[in-house]
Structures are given as C-alpha cells and as structure tokens.
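To keep things clear, I will list the structure first and then write my remarks on it.
The values are calculated or read from the model by the stated rules, or taken from the named source; none is laboratory data. In this text, all values refer to a predicted model and were calculated from it rather than measured experimentally. All Cβ positions, glycine included, derive from the backbone under ideal geometry; neighbour counts span all protein chains shown. Just so you know, the surface numbers come from the protein's heavy atoms only, side chains and all, with ligands and any DNA or RNA stripped out. Shrake-Rupley method; radii C 1.70, N 1.55, O 1.52, S 1.80 Å.
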Amino acid sequence: MSTADTSTDELTAEAERVLRICTACMYCDGLCPVFPAIDDKHEFRLSDLNYLSNLCHNCRGCWYACQYAPPHPFAVNLPATLAAVRRRSYADHLWPPVLGRAFGSPVTGIAAIVSLIVLATLAFVLLSSPPAALFGADDSEGAFYRVLPWSIMAGAAGASLLWAVACIGLATLRFWRTMAPDVPRGALLRALAPALRDIVTLRHLGGGGPGCNDVGERTSHHRRLFHHVMVAGFAGTALSTVSAAIYHHALGVAAPYPLASLPVLLGLVGGVVMLAGIAGLLWIEHRADTEPSDRTEVALNVTFLILLGLVTLSGLAVLAFRETPAMGLLLAGHLGLVFGFFVVLPFSKAVHAPFRAAALLRAAAEKAAAGARSKRDRG
Amino acid sequence: MSSTWDVVVIGGGLAGLCAAIAARRAGVSVRLLECAPSAFRGGNARHARNFRVVHEAPTRYVPDAYQAREFLDDLARVTQGDSNPCLAQRLVAESETIAAWLMANGVPLQQPNVGVVPYSRRTVFPLGGGKAMINALYSTATDIGVAISTDSEARLSRQSSNGNWSIDLTTATSSPSSIDARTIVVCAGGAGADPAWLRSHYGDAADGFMVRGTPYANGRMLADLIAAGAGTVGDPTICHMVAVDARGPRFDGGIVTRITAIPYGMVVDGSARRIDATGAGAEPTHYARWGPRIAACAGQTAYLILDADGLQRAAPQAFPPISGATIADLAEALGLDPATLAQSVNAFNAALPAGAHPIASATFAAYPMRPGVTFVHHGVAVDDHMRIVWADDRRNDTLFAAGMIMAANVIGRGYLAGLGLTLAAVFGRLAGTEAARHVHG
Ligand SMILES: Cc1cc2nc3c(=O)[nH]c(=O)nc-3n(C[C@H](O)[C@H](O)[C@H](O)COP(=O)(O)OP(=O)(O)OC[C@H]3O[C@@H](n4cnc5c(N)ncnc54)[C@H](O)[C@@H]3O)c2cc1C
Ligand code: SF4
Ligand code: SF4
C-alpha cells in the first residue's frame, strides 16, 4: 500500500506546485486521465506523483492548452514536470536497485554495455569458429550454428531475455506496491478489461479526441500511429522467432530457412514495419518542441529507438547477405545486438510500458470503485 | 504592404478571431492585429472555460435543453433590465448556432461524460479550455489566409476623404507604420486592465486591485474611440470583481486565484475584525459580492479564516493556505492581532450565521484576499449591425465593434456564467460578416 513519504526535494516541490494549480484550474480535464485523478486533491504524496507521472502519456496537449505556461509568472509546464518525475520513478523502482543508481546517466550506460556485448560476441565468434565456417559463404541448413553453436546462441539469448523479463517484472512489482490503489479486489478485477483497452489502443495519445500535440501547437494522430506500427512490427519479429523455434524443435529443420518460410516472411515484414514505426517516432522526436519535454527522457527515447532500429537493421542485413562471406560477422553482430538489447532493457525506456500499464490499471480501478460520481453545477 | 485591406480586425481575442474568420470566409482580405506577444494572444478567452448556448434538445456536447426564452429571462434578471433588447435577442438567437460554427472552424468541444466537468445544460466546454480554443482558431485563421500580426498595437487615426481608415501600428520589432483599411472591426476588449485608467475611476484604492485577465486589454482603443466621438454605454465605475488570492500576480491570475471557500469560513479585515458582505451567502453570486466588499477594506486586503473542517470542504486552491496550530499562531503568521482574531472567532462561533460552520478544529488556515477585476461594465454603443453609434447618433458603415468592448450594451450590470465568450463569438462573427458585406457593397 501507499507510503506517506514526504520528500522535500526540488522536483517534488515543483510537481506539487504545478499540480496544485492544475487542481484549482482543471481546464484540461478532458485531455487525459491525469486530471480526473487529481480532481479535488489537496495534497500529493510521492506515491501519487509516481502514479500521476506514469499516467501521463506525454501527449503535450496540456502544454499548448495551458493558460499559465511561461512566460506567465506561474510558469506551469506539466508535461516536462511529470516527465522528470516519471524518470525518477523509473530510477527509484528498477530492479536490481543498483540499476536505479546506474540510471543516472542511462544513455552512456546503454551505449557502453551494448557495444561491449557486441564486441564480446564478435571476439568470441572470431576466436572460436574456424575462418572457413565464418567466411565461407555458406547458407545451407545449419549454417548459422556453424558460426555460433545453437546451444550458445539459444543459451545467451534465453539468459539475456530471462534477465530482462525478471528485472522488468520485479521492477513493475515494486512500482505497483508503492502506488497500488486502495480499492476492493472486485474493483481491480472489473478494471482489468478497461485498463487493457486503454493500454492496447494507446487511447491517451488521443488528447481526448483530436490527437496529441506531436510536434507543435497543432494536433495529429501520428505519434499514436507510429507507435502502433512499431509495436506491430515488433510483434511480427517476435512471432517469427516463435515460428522458428517451432520449425527447429517440432519440425526438426535448422535455420537458415527459405525466403518463403514463415519465420523469414514474418521477420522480413515485421522488421520493415518496425523500422517504419521507429523512423516515424524518431522523426517526431526530432521535430518536436523541446520546451514541454524532459531532455533526459528524450535522450532515453531516442537511445531506445536507435537501439531497436539497429537490432532490426542488423537482422535484415543477415537475411540480405546470408549467401555472402559477410554472413558470419553480420550474424555475430546481430546476435550481439540482440543479447545487448535484452541486457539493457531493464534500464531502458522499455520500462515505460509496464509502469504505464500499472498506472492505467490503478486509474481504471479507482474509476470502477468510484462508480457514478456526483458533479457540482457550474451554472 | 501598401495595399488597402478590406477588413482590419483590431484585437485577437475570441471576438477578433471570430470576426476575422467570418469576414475571410466571406471572401474579403483580412488583417488581424493583436498587441500581445504570441504567448499571450487570445485575450481573456485564455482564462475562460465554458459558454452559454441555446439548444432545443440534447446534443453530443450539452445535455437536456436551454430555451431562448430562459436565456432571455436569465439575462433580464441579472441585468435588471439594463440591456438593449434587440441586441439581447440577437445574442440569444445566434448562440444556437455558435457551437457548431466554432467546431466547423476547428474548435473541439468536450463531451459531458469525458473528464470531470460539472453538469451544465446551459453551457458547452471547449476541450482543453479557452486557450486550446484560441489556438485552434488561430490555426484556422492562418489556414484560410487571414494575415495575422501579434505584438502589434493599433491606434485609430483618421478617415481619409475616400472613406478608408488609416491605422497606426506600433510593433515590438519594427518602426511605427500605418496601414489602410476599408472597414475596421474593433475587438480590443474592455477597459480595466490599465492601472492608470482604474485609478482615474476608482481612486487610490485601485492600486490594491488585481486584474484577473490579460494586461493587454488595456482600453486604449476604447479611449481612442470615445475621443473620436463614439457613444458610450454602461458605467466605468461599475465592475465585476471577486475575491482573489492576494499572493497571485497583479495581472492574468485567471481562474485559479479566485477564492472559492468563503462560505466555509469567516472573513476578517486587517484589524482582525469580522466583516460580512450583505446577502453574499453561499450562492454562486456570492463571488461578485465579496470583491467590492474587500475593495472597501483598508489596504484592499481581507483574510478568509478556516478550520481543518472548512479546509477539507473547500475546493483546492492554487496557493497552499497559510496555517497555524492555534488561532494565535495563525494570527501571527498573518500579521494580525491575536487577541482580536480570537475574539472575532469566538463571537462568530457564538452566533453562527445561518448555514455557517464554526471555526473550531485545528489546524487553522487562512487565505489573504484582494479584489480581482474581471471586467468593467463600460464600452462603446453599437447598433444591431455592430456599427459603432456616435454620441450624436450618427453611425458609420465602416466602423464596427464586437466583444467585451461593447458588452455593456447587453449587460449593463450583473453577469451570467458563460456569457462573455458567447457574446464575443456571436457578435464577433456578426461584425465580421457585416464588414465583409459592406466591402462587397
Ligand atoms: C478570469 C476570467 C475568466 C473568465 N471565464 C469565462 C468563462 O468561463 N466563460 C465565459 O463565457 N467568459 C469568461 N470570461 C469572460 C471572457 O473571457 C471575455 O468576455 C471574452 O474573452 C472577451 O473576448 P474579447 O475578444 O471581446 O476581448 P478580450 O478577450 O479582452 O480580447 C481583446 C484583445 O485585443 C487585444 N488588444 C487590445 N487593444 C489592442 C490594440 N490597441 N491593438 C491590437 N490589439 C489590441 C488584446 O491583447 C486582446 O487579445 C472570463 C474572463 C476572465 C478575466
Ligand atoms: S495545464 Fe494549465 S490550463 Fe491545464 S489544468 Fe493545468 S493549469 Fe490549467
Ligand atoms: S502531457 Fe498529455 S497525458 Fe500528460 S498530463 Fe498533459 S494532457 Fe495529460
């Protein structure tokens, strides 16, 4: 349950100041669920700030709509304030906790670790496989495993994935515990479906209807669209991996698979679609107003997108050049990037997904518990 | 630019935007001049939330119904008849189409089941509030080819022999210039944001007033028009003022500094003695009663005293309350005399007014308050084509006014929630249409 912690640091004080003005104002109440969640609140605990900051989808609608945005002396900048609180909420709840401390400079950390893992993979492959296997222009069945034996490949991938899932799972659990709503279990159950709908549809990137302020004062649905495209592409590549596993274990056929096979087709289409989504999101980040955002959060977004883009590109490169002598090194590089991606996932922007999902679940649960509320008449 | 504009709109608040869009859509060339920098464009609509519309049946954006008859009755009640019936009827009738017109011009409205807006069958809410509405209208105006200049203050100068107007322009960046216009629509807002103007009508006390809206609606244009011979309506010494937090900014505090919790506590002046605003009670109209009452206090300052119970009942405020564990502590924090404040509280508790709550449970809290001016009941006279009527009853086919600058034609006194935006949008649209019609001849 929530802890009534009272932190007096600057960021908390600024978040409280801004939210207090918003609560007195509420003109933005139709834009997103953050506003209904602060309705009539007189004070905000740290757990509430963590909750609210993750409920915010950074649609930036309330920046352009704000009558108190700077240069007004109130200088309300809710999106940037919540982004900073949100980043702190990641750092405070990452698991193992030491990652939270490393989160101080996440971009350098991510770049360094991924580079190291890629180099290590390349070195391992260069040292362990005979040059004939590595540069042999071989694309017959089992060629990939002559570059890196299946057991090592699957072992490293499995271990890094398990690490990612375990860390993110535990971090999410820690986060949920500090901000879980005080509602009956029934309400929580009733909230599952609506919360899931909000999560899957990215409803709150809709700015309450007209879309979010992706890049500036005008609204659009581009960010939401590109995010969907990226996730769909990711799902395609994940299905490709699953189908490959089925081929391998159930059908007993080893990679590489022919172009017309399910794993290759899913991987190809998924990869291209994902790249389109990533490019779109990067383009939006590049053009967006910087004022309503938190610089480090933008850096986290960009780092994550570039990393995911590199993983995808290197995978497509393996497919494109698998009949050439470059295949061996390309495959090693791709695998290194995949391992690295999973290893850094628990302190990358990826944590936004489960944290936001948790916040949406709390919002839906509180709504389910409140039922029909009575409203004041403004005449 | 040496060409002559068909329509020049002075003031880029809601009235000005609606005038510019309506005129431009009628096919004439339009230039919009706004004296505020772009961050503060839009006038007082930035601070507004909802507007009043007639509708015969529920729509997606407003429940139940609000008949024209009811609107007219409401208006007659608050103005006590101090309202031009012809303009009032026009306002009410055209309010029925204004929401759809604004939507067609890019303004998203909020559905009543979204967010936490209170039930209101009389008003609709732009999604994201007034500033979001203003942003949408600026985008639309730009898209359809209205030439917009912010940071550009207009002063009316003269009418040449061919009937065209010359307008002097002062901008922040370039040297003064002048532009020519076939017709002018003045939407520069009311007076009241200019401290010197306030002092000239309200005396030294005016220095203690806050102005809730934009400092850019400074009334100079209104003064120009009056100097040129425009007829006036209303009374510059009557204004709508409410209690606002004394810690807020002198200008532009908007909605969040309004003190809403007065019915849950007790008000004292700087000598810590209780004051009351006759007939204020807990009705929504209590706001407008407390403003003038506080303006009459020494230093234009008063204090709302609450106990823990009252504070809990109150809606959240932009500033945290000043608090004290005891009444004496609170008095000290406020710089009031502890003994007098204790006496006032005891006397209040001993003889509670009807509906009031005793001030008994610690922690005690207080808000320092000042009067905040919302608008002044004073402006230029117009006819039902929005043409300015001169003091000698002449009118000029090329000079129009709309919005707060002529609001006193309809609300000579009193106020109805959501009336200001409706009035600005309806009369702005009308004035723009009339100006374009004149250009077409
Ligand atoms: C705090 C507050 C809350 C309110 N809430 C509501 C509400 O909820 N609902 C409602 O219906 N009404 C509300 N109102 C009233 C409503 O905001 C106004 O009635 C309405 O916005 C008036 O619009 P306008 O365009 O006529 O004038 P203004 O908004 O005053 O606009 C005048 C514009 O002209 C510009 N200007 C002035 N002089 C010049 C010049 N010489 N040259 C160029 N430009 C110039 C100014 O910068 C300004 O942008 C509120 C008002 C305030 C202050
Ligand atoms: S962001 Fe600004 S306009 Fe929106 S609710 Fe907060 S203070 Fe009000
Ligand atoms: S940025 Fe968007 S999601 Fe975040 S608080 Fe503002 S309106 Fe809500």
Condition broken by A:GLY252, with the remaining ones in (1) touching a residue at least 12 places away in the same chain (Cβ under 8 Å); (2) open to solvent by less than 80 Å² (accessible area, probe 1.4 Å) satisfied: (1)
Flag for B:MET221 being in contact (Cβ under 8 Å) with a residue 40 or more places away in the chain, assigned to a strand (DSSP E or B) and either open to solvent by 10 Å² or more (accessible area, probe 1.4 Å) or not charged (D, E, K, R) (or both): no
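Do we have B:LEU14 as within 16 Å of ligand 1 (Cβ to nearest atom), in contact with a helix residue (DSSP H, G or I) (Cβ under 8 Å, 6 or more places away or on another chain), within 14 Å of chain A (Cβ to nearest Cβ) and within 26 Å of B:VAL256 (Cβ to Cβ) here? First the steps, then the outcome.
Numbers: within 16 Å of ligand 1 (Cβ to nearest atom): yes; in contact with a helix residue (DSSP H, G or I) (Cβ under 8 Å, 6 or more places away or on another chain): yes; within 14 Å of chain A (Cβ to nearest Cβ): yes; within 26 Å of B:VAL256 (Cβ to Cβ): yes.
Considered against the rule, which asks whether it is within 16 Å of ligand 1 (Cβ to nearest atom), in contact with a helix residue (DSSP H, G or I) (Cβ under 8 Å, 6 or more places away or on another chain), within 14 Å of chain A (Cβ to nearest Cβ) and within 26 Å of B:VAL256 (Cβ to Cβ), B:LEU14 comes out as yes.
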Residues that are under 25 Å from the mean Cα position of the chain (by Cα) and part of a loop (DSSP other than H, G, I, E, B), drawn from segment B:43-62: B:ALA48, B:ARG49, B:ASN50, B:VAL53, B:VAL54, B:TYR61, B:VAL62
Selected residue [away from every other protein chain (no Cβ under 14 Å), open to solvent by less than 40 Å² (accessible area, probe 1.4 Å) and in contact with a strand residue (DSSP E or B) (Cβ under 8 Å, 6 or more places away or on another chain)] from B:LEU33, B:LEU72: B:LEU33
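When you scan segment A:9-27, do you find a residue that is in contact with a Gly (Cβ under 7 Å, 6 or more places away or on another chain), at pLDDT 95 or above and assigned to a loop (DSSP other than H, G, I, E, B), even just one?
So in segment A:9-27, the residues in contact with a Gly (Cβ under 7 Å, 6 or more places away or on another chain) come out as A:27.
If we keep only those that are at pLDDT 95 or above as well, we get A:27.
So of that shortlist, the ones also assigned to a loop (DSSP other than H, G, I, E, B) come out as A:27.
Yes.
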Enumeration of residues in segment B:86-110 that are open to solvent by 50 Å² or more (accessible area, probe 1.4 Å), among the hydroxyl-bearing types (Ser, Thr, Tyr) and closer than 20 Å to B:ASN409 by Cα: none
Among residues of segment B:219-236, those that are within 17 Å of the chain's Cα centre (by Cα) and hydroxyl-bearing (Ser, Thr, Tyr), counted: 0
Of residues in segment A:68-94 being of a type outside the set (A, V, I, L, M), within 14 Å of another protein chain (Cβ to nearest Cβ) and within 14 Å of ligand 3 (Cβ to nearest atom), the one nearest to A:THR201 (Cα to Cα): A:PRO79
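Does B:GLY130 satisfy the criteria of being open to solvent by 20 Å² or more (accessible area, probe 1.4 Å) and modelled with pLDDT of 95 or more? Walk me through it before giving the result.
Details: open to solvent by 20 Å² or more (accessible area, probe 1.4 Å): no; modelled with pLDDT of 95 or more: yes.
No; evaluated as a whole, the condition is false for this residue.
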Candidate set: segment A:43-67, residues that are more than 14 Å from chain B (Cβ to nearest Cβ) and among the small types (Gly, Ala, Ser); chosen: the one nearest to A:ARG87 (Cα to Cα): A:SER53
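Name the one entry in A:ALA359, A:ALA372, A:ALA368, A:ALA353 that is modelled with pLDDT of 95 or more and either outside any helix (DSSP H, G or I) or open to solvent by 20 Å² or more (accessible area, probe 1.4 Å) (or both). Quick ask: steps written out before the conclusion?
Numbers: A:ALA359 fails: either outside any helix (DSSP H, G or I) or open to solvent by 20 Å² or more (accessible area, probe 1.4 Å) (or both); A:ALA372 fails: modelled with pLDDT of 95 or more; A:ALA368 fails: modelled with pLDDT of 95 or more.
On inspection, the qualifying residue turns out to be A:ALA353.
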A:ALA37 vs. criteria more than 9 Å from ligand 3 (Cβ to nearest atom), within 22 Å of A:LEU360 (Cβ to Cβ), within 25 Å of the chain's Cα centre (by Cα) and open to solvent by 10 Å² or more (accessible area, probe 1.4 Å): yes
Test: residue in segment B:58-68 that is buried (at least 24 other Cβ atoms within 10 Å of the Cβ) and not hydrophobic (A, V, I, L, M, F, W, C): no
Spans of helices (runs of 4 or more DSSP H) in segment A:133-229 with at least 3 residues open to solvent by 50 Å² or more (accessible area, probe 1.4 Å) and not aliphatic (A, V, I, L, M): A:150-179, A:185-201
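Taking B:SER174 as the residue in question, decide whether it is of a type in the set (Gly, Ala, Ser) and within 14 Å of chain A (Cβ to nearest Cβ). It would help to see each step written out before you state the result.
Values: of a type in the set (Gly, Ala, Ser): yes; within 14 Å of chain A (Cβ to nearest Cβ): no.
No.
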Residues located in segment A:62-76, provided they are within 9 Å of ligand 2 (Cβ to nearest atom) and either under 23 Å from the mean Cα position of the chain (by Cα) or among the small types (Gly, Ala, Ser) (or both): A:CYS62, A:TRP63, A:ALA65, A:ALA69
Scan of segment A:70-85 for residues that are more than 16 Å from ligand 1 (Cβ to nearest atom), open to solvent by less than 20 Å² (accessible area, probe 1.4 Å) and either farther than 17 Å from A:THR290 by Cβ or assigned to a loop (DSSP other than H, G, I, E, B) (or both), ordered by number: A:VAL85
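Residues checked against (1) out of contact with any Pro (no Cβ under 9 Å at 6 or more places or on another chain); (2) assigned to a helix (DSSP H, G or I); (3) within 16 Å of ligand 1 (Cβ to nearest atom):
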residue	(1), (2), (3)
B:ALA22	yes, yes, yes
B:LEU72	no, yes, no
B:GLY81	yes, no, no
B:ALA100	yes, yes, no
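Please verify whether A:ASN54 is crowded, with 24+ Cβ neighbours inside 10 Å and within 12 Å of ligand 3 (Cβ to nearest atom), treating the condition exactly as stated.
yes
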Complete set of residues in segment A:102-132 that are open to solvent by 60 Å² or more (accessible area, probe 1.4 Å) and in a loop (DSSP other than H, G, I, E, B): A:GLY104, A:SER105, A:PRO130
